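The values are calculated or read from the model by the stated rules, or taken from the named source; none is laboratory data. Bear in mind the structure is a predicted one, so any value in this text is a computation, not a measurement. Cβ coordinates were reconstructed from backbone atoms using ideal geometry, including for glycine residues, and neighbour counts include every protein chain displayed. These area figures cover heavy atoms from the full protein model, side chains too; ligands, DNA and RNA do not enter into them. Shrake-Rupley method; radii C 1.70, N 1.55, O 1.52, S 1.80 Å.
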Amino acid sequence: MNLKARTIAAAIGATLITWGIGAPAQASPLPKDGQIHIQGTIKCAPESKTYTVKKKPGTAIRTKPAKDAPQVDTVYFGNKVSSKFYCVNNGWVFVCISLCKVDENGIAGRWVFRGDIG
C-alpha cells in the first residue's frame with residue numbers, strides 16, 4: 001500500500017475512533033443518521049464523494065467490502081464513481097458505489113477497494 005493510501009487509512013481509523021466505534025452492533029442506529037455501523041470486524045460510515053478509478057485497466061466491483069468477496073463487475077480506468085458508504089475491514093478500506101445497505105441487519109452493495117480510486 002502506498003503512502004497516500006496508508007495516510008488515508010490512518011485518517012479513517014482515527015475518525016472511527018473519534019466517533020466511538022465501541023458501540024455494540026445491535027445498538028447501531030440507521031445509516032441515515034450519519035453514524036458509524038459495526039458488523040463483526042467491519043466498521044462503516046456514510047460518505048458522499050466522487051472518485052476517479054486510478055488503477056489500470058480497472059478495478060473489481062465486489063459484493064461485500066472484502067478482498068476475497070466475489071467479483072461481479074469491473075469499473076475501468078478514468079471512470080467516475082460516487083460513494084455512499086466506506087467500510088474498514090481488517091485495515092482495508094472499501095467504498096460502496098451502488099445498491100448500498102449498511103445497518104444492524106447486514107452489509108450489502110457493490111464495493112471497490114479505496115486504494116484503486118482517488
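Cβ under 9 Å from Val95's Cβ, Val95 left aside: what net charge do those residues give with Lys, Arg +1 and Asp, Glu -1? In short, +2. Each of the peptides 51-60, 100-109 was scored by the mean count of other Cβ atoms within 10 Å over its residues; in descending order, highest first, they stand as 100-109, 51-60. For region 79-102, backbone nitrogen atoms closer than 18 Å to the point 7 Å from Lys56 Cα along Cα-to-C-beta are found at 79-80.
Between the amide H of Phe85 and those of Glu47, Cys96, distances stay under 5 Å, these residues lying 5 or more places away or on another chain, with hydrogens modeled in the peptide plane.
Taking amide H as placed 1.01 Å from N in the peptide plane, the amide H of Ile117 sits under 5 Å from that of Lys54, each at least 5 places away or on another chain. Our coupling estimate for region 77-90, obtained by passing each phi through the Karplus curve with A = 6.51, B = -1.76, C = 1.60 and θ = phi - 60°, is 3, x, 6, 9, 10, 10, 8, 10, 9, 10, 10, 10, 10, 6 Hz, Gly and Pro reported as x. On region 76-116, 52 percent of the accessible area sits on carbon and sulfur atoms, based on a 1.4 Å probe. In order along region 98-113, the Karplus-derived 3J(HN,Hα) couplings, from 6.51 cos²θ - 1.76 cosθ + 1.60 at θ = phi - 60°, round to 6, 6, 6, 9, 9, 7, 5, 8, x, 10, 8, x, 10, 10, 10, 5 Hz, and Gly and Pro are given as x.
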